[in-house]
Amino acid sequence: MITEFLAAGAEGDVKTEFGFWAAMEGNYIAWAILIVLIIMSVGSFYILITKYLEQNKIMRQFKDVRSTFWRTNSLKEGAGKLEKNSAWRQLVDDALKAEEEHGKMTDSLEAHDWMHGTLCRSEASINAKLAGGLPFLATTGATAPFVGLLGTVIGIYRALINIGLAGSASIDKVAGPVGEALIMTAIGLLVAVPAVLAYNWLQSRNKRIAAMLNGFSTDLLANINSKGAVKPALLTKAAPAKPTAPAAAAPAKKA
């Protein structure tokens, strides 16, 4: 049944037109494969752009945390200076909530573990949100070459069908299907390579953000346990030292 379906586009008058679109004419399986590859490519670039903007937003907000948050008198006051629904605001809110539940713990060690676990859960939820969409990139990078290879196999098979129907292996019988097969392989690679590069790049940026979140959580925990006494060193530029005036030379003593 598959053979008759593939051979349907090869029957009839001999076509002398060459090119990708001429070879795709009547080949519905090849069109379906091409559409799948296009969907993979569009989805990959959509995830790349949206995740890049999301990561940039978190990194930009971290600069505000370093410059304004730790200059306030309390965590509650600092939380008001952070953007709502941001990752950093979520960590602060979860830390303040854990501090309120401090009195329900039986001893100080248990309370410390409770606050540390709360912040770890908050970090995990933020990291999971940042990792959303990356499995699609990984899947596209791993499967797109094989999807293109399926189109290659179908193109070669159609070329063999044309040879069998014509009884000769003339170039006008095989050029179209073979060209289609090679282009399908190229399209599969063009879809897979950007997806793999985007996955690795976004993954490395997520690791940087995870390290920033972990450091901020540690600073929050230290600040709460010390009743606000411990704060991280602020990244401020040291004022340039003023040049000192040269000392006046002492007058020479007369002999």
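Just a few scattered comments:
One line per residue, one yes/no per condition, for (1) charged (D, E, K, R); (2) under 29 Å from V193 (Cα atoms):
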position: S41; (1), (2): no, yes
position: I47; (1), (2): no, yes
position: E54; (1), (2): yes, yes
position: F69; (1), (2): no, no
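- Selection of segment 127-155 for residues being of a type in the set (F, W, Y) and surrounded by 15 or more Cβ atoms within 10 Å (Cβ to Cβ) yields only F136.
- Filtered residue count, segment 117-158, keeping only those that are within 30 Å of Q90 (Cβ to Cβ), among the hydrophobic types (A, V, I, L, M, F, W, C) and part of a helix (DSSP H, G or I): 10
- Answer from D107, D64, D13, D94 - the residue that is modelled with pLDDT under 65 and farther than 30 Å from G164 by Cβ: D107
- Residue tally, condition polar (S, T, N, Q) and touching a Leu at 6+ places or on another chain (Cβ under 8 Å), over segment 28-65: 4
Let's see how each residue does on (1) of a type in the set (F, W, Y); (2) at pLDDT 90 or above; (3) in contact with a Gly (Cβ under 6 Å, 6 or more places away or on another chain); (4) surrounded by 13 or more Cβ atoms within 10 Å (Cβ to Cβ):
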{"position": "G26", "(1), (2), (3), (4)": "no, no, yes, yes"}
{"position": "I29", "(1), (2), (3), (4)": "no, no, no, yes"}
{"position": "V36", "(1), (2), (3), (4)": "no, yes, no, yes"}
{"position": "I39", "(1), (2), (3), (4)": "no, yes, no, no"}
{"position": "L53", "(1), (2), (3), (4)": "no, yes, no, no"}
{"position": "K81", "(1), (2), (3), (4)": "no, no, no, yes"}
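- Every condition in (1) over 30 Å from K97 (Cβ atoms); (2) touching a residue at least 60 places away in the same chain (Cβ under 8 Å) holds for L130 except the one numbered (1).
- Neighbours by Cβ (under 7 Å, 6+ apart or cross-chain): first from segment 83-97, more than 15 Å from S67 (Cβ to Cβ); second in a loop (DSSP other than H, G, I, E, B) and among the charged types (D, E, K, R): R89/E83
- Residue count for segment 159-195 satisfying the condition of being modelled with pLDDT of 75 or more and either not small (G, A, S) or not in a helix (DSSP H, G or I) (or both): 12.
- Condition check for N73: exposed (fewer than 12 other Cβ atoms within 10 Å of the Cβ), touching a Gly at 6+ places or on another chain (Cβ under 9 Å) and modelled with pLDDT under 85: yes
The values are calculated or read from the model by the stated rules, or taken from the named source; none is laboratory data. This one's a predicted model, so the numbers in the text were calculated from it and none came from an experiment. Every residue, glycine among them, receives a Cβ derived from its backbone with ideal geometry; neighbour counts consider all protein chains shown.
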